[in-house]
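Working notes, structure below.
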Amino acid sequence: MPYKLYAYWSAPKAEDVDEFERYYADTHVPRAAAVPNLVALNTTRTKDGFEGGPTDHYRVAEMVFDSAAAMAESEASEEWATMRACSGDIIERFGVTLTVESGEVVEG
């Protein structure tokens, strides 16, 4: 059963947006894309909240694996450790927060 990880990033300061976006696209996304067993990686910069409301997150990344076991195997890899370290760098450098959740895909 497909398994997805969601990474929710808070917004950087207005003066850091351009640099955050550059670093995220040029450094972090390629590191995330390199983890083993990854089926798909989708990233979204949110701009519109529900019915015109504010957004709760600045960026959302979705990592798709064939199963929870496939993601667990990936978590033990050097590539995963590199991605995690990069996340820490982003948090420290830009003062943002990161919330991560995962679960099985349920069709319906």
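The values are calculated or read from the model by the stated rules, or taken from the named source; none is laboratory data. Quantities reported herein were computed from a predicted structural model and do not represent experimental measurements. Using ideal geometry, Cβ is built from the backbone for each residue, glycine included, and neighbour counts are taken over all protein chains shown.
Contact annotation: residue pairs with Cβ atoms under 7 Å, 6 or more positions apart or on different chains, pairing a residue in the stretch 77-96 that is over 18 Å from Ala25 (Cβ atoms) with a partner that is of a type in the set (D, E, K, R), are Gly95/Lys13.
Of all residue pairs spaced 6 or more apart or on separate chains, those with beta-carbon atoms under 6 Å, a first member in the stretch 46-68 that is closer than 26 Å to Asp18 by Cβ and touching a residue at least 24 places away in the same chain (Cβ under 8 Å) and a second member that is loosely packed, with under 14 Cβ neighbours inside 10 Å and β-branched (Val, Ile, Thr) are Val60/Thr44.
For the structure I just gave you, tell me whether Ala61 is closer than 26 Å to Val105 by Cα and surrounded by fewer than 17 Cβ atoms within 10 Å (Cβ to Cβ). It is false that Ala61 is closer than 26 Å to Val105 by Cα and surrounded by fewer than 17 Cβ atoms within 10 Å (Cβ to Cβ). With respect to Glu101, determine if the residue is loosely packed, with under 15 Cβ neighbours inside 10 Å and assigned to a strand (DSSP E or B). It is true that Glu101 is loosely packed, with under 15 Cβ neighbours inside 10 Å and assigned to a strand (DSSP E or B).
Among the residues of this structure, Thr55 does not count as one that is loosely packed, with under 12 Cβ neighbours inside 10 Å and not in a helix (DSSP H, G or I).
Residues in the stretch 1-19 that are of a type outside the set (Lys, Arg) and touching a strand residue (DSSP E or B) at 6+ places or on another chain (Cβ under 9 Å): Met1, Pro2, Tyr3, Leu5, Tyr6, Ala7, Tyr8, Trp9, Ser10, Ala11. Just to check your reading of the model, which residue among Val29, Val60 is under 18 Å from Leu98 (Cα atoms), touching a Leu at 6+ places or on another chain (Cβ under 9 Å) and modelled with pLDDT of 95 or more? One residue alone meets the criteria, Val29.
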